[in-house]
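Data block below; observations after.
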Amino acid sequence: MVVNDHSNITLLKEIAELLNEETELIPMLKGALKKFLAGTNFSTGWIFFINEKGKIDLVVHENLPDGLCYNDCQYLKKGGCWCVSRFRRNELKKASNIIECQRIENAIEAKVGDTAGITHHATVPLQSGNERFGILNVATPNTVVFTEEELELLESVAFQMGSAIKRIYLTKQEQEMALVRERNRLARDLHDSVNQLLFSVTLTARAGIEMTDNIEIKETFKEIQNLTQSALTEMRALIWQLRPQGLESGLIDAIKAYAEMLKIKLTINVSGVIQFPSRVEETLFRITQEALNNVRKHSGVMEAMIYLTVTQTDILLVIKDEGRGFKIDQNMNIPSIGLQSIRDRATAIGGTAEWVSEIGKGTELFVRLPY
């Protein structure tokens, strides 16, 4: 694609520099969109990410009029529209004029604020090679059709954005792989050194019990054996947290194996198809790990129930025990680092984590994740 105008070439170079310098995805897109609008006749723009299931997410917008910003961009986020439908059907190949936009029309009809003469927009897919990420939409007041030059410039910017998105995704994948390698190394080191030492202490204490007739010495060795056995369980749980075992066989099998290692009797009820992206699967596993650790350490019981429900839009994970429970802070302060870790893992992928608990009546953890 050729962009002949000298000012347009300069603008594209400036946007390319910004995209290459930024390492965080959303600030990168927002900065590039802002610079693009400042250097062209387009006045406003917004970006949808669209996943493989067709779910849309409004990730960036710039200079939206009040009517389109109403109630956290309510009318842009919901409803049908030509550009998203074409993208979902893999029919949106290049920058195009939109004849009509139902989302904008709904905002105008609702009379929720001034739309500043925005009635139509141009749209272009964001992609890199065969990987498709979403769409970029831009608009100008009182403009129904955009020129071929404007669409050409829009397509050039979208190409740059798609390449930058791919770069950041690859960088994050490399970072995640490096983190996994380091976790695996630590897990091996703990297993080969500390874990083996603790096991040796357990055997030594057992031998000490059998070698003496002194009651006090026997009790001392028994206490050493019990403490070491508890430390071994903690160490094995830590190794599991560093390197999930069994996820290659599926989430449910991994959870069952972890509960067995903790000696927790577990009942699991599943509704829906269990087929998650790797990040979602690991998040569910890590949250369940922490919850089961809390059951073992704090509930006073060694039984728990898990309910996993999968719908087209959500994943609901409920983990319940009938133990001693705890008092929920009315100020919503999280009472432990473990519980805060569960909430942090859920919110990191756009989900929520809440507890229902009462002294003497057990605890229920409710985790909801987008799907």
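Of note:
- Top-ranked residue of the stretch 31-53 - restricted to ones that are polar (S, T, N, Q) and either farther than 21 Å from E131 by Cα or buried (at least 17 other Cβ atoms within 10 Å of the Cβ) (or both), ranked as nearest to the chain's Cα centre (by Cα): T44
- Number of the exception - G246 against (1) within 18 Å of the chain's Cα centre (by Cα); (2) open to solvent by less than 30 Å² (accessible area, probe 1.4 Å); (3) modelled with pLDDT under 90; (4) of a type outside the set (F, W, Y): (1)
- Residue within the stretch 106-126 that is open to solvent by 60 Å² or more (accessible area, probe 1.4 Å) and modelled with pLDDT under 90 present: no
- Filtered by the rule that a residue be open to solvent by less than 70 Å² (accessible area, probe 1.4 Å) and assigned to a loop (DSSP other than H, G, I, E, B), the stretch 54-71 gives G54, L64, P65.
- Among the residues of the stretch 15-53, the ones that are free of Cβ contacts under 8 Å to residues at least 12 places away in the same chain and part of a helix (DSSP H, G or I) come to 4 in all.
Table: residues versus (1) under 22 Å from the mean Cα position of the chain (by Cα); (2) of a type outside the set (V, I, T); (3) surrounded by 21 or more Cβ atoms within 10 Å (Cβ to Cβ); (4) farther than 25 Å from G54 by Cα.
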site: V280; (1), (2), (3), (4): yes, no, no, no
site: H298; (1), (2), (3), (4): no, yes, no, yes
site: A348; (1), (2), (3), (4): yes, yes, no, no
site: E358; (1), (2), (3), (4): no, yes, no, yes
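- Summed over the stretch 83-105, the residues that are under 14 Å from I50 (Cα atoms), in a helix (DSSP H, G or I) and open to solvent by 10 Å² or more (accessible area, probe 1.4 Å) give a count of 3.
- Residue that is farthest from R345 (Cα to Cα) [pool: residues in the stretch 265-295 that are modelled with pLDDT under 90 and basic (K, R)]: R279
- When E131, E174 are checked against the criterion of being loosely packed, with under 12 Cβ neighbours inside 10 Å, in contact with a helix residue (DSSP H, G or I) (Cβ under 7 Å, 6 or more places away or on another chain) and of a type outside the set (A, V, I, L, M, F, W, C), a single residue qualifies: E131.
Matching residues to (1) open to solvent by 40 Å² or more (accessible area, probe 1.4 Å); (2) among the small types (G, A, S); (3) modelled with pLDDT of 95 or more:
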site	(1), (2), (3)
I306	no, no, yes
K327	yes, no, no
Q330	yes, no, no
S341	no, yes, no
T363	no, no, no
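The values are calculated or read from the model by the stated rules, or taken from the named source; none is laboratory data. This one's a predicted model, so the numbers in the text were calculated from it and none came from an experiment. We place every Cβ from the backbone using ideal geometry, glycine too, and count neighbours over all the protein chains shown. Accessible surface areas use protein heavy atoms only, side chains included; no ligands, DNA or RNA. Shrake-Rupley method; radii C 1.70, N 1.55, O 1.52, S 1.80 Å.
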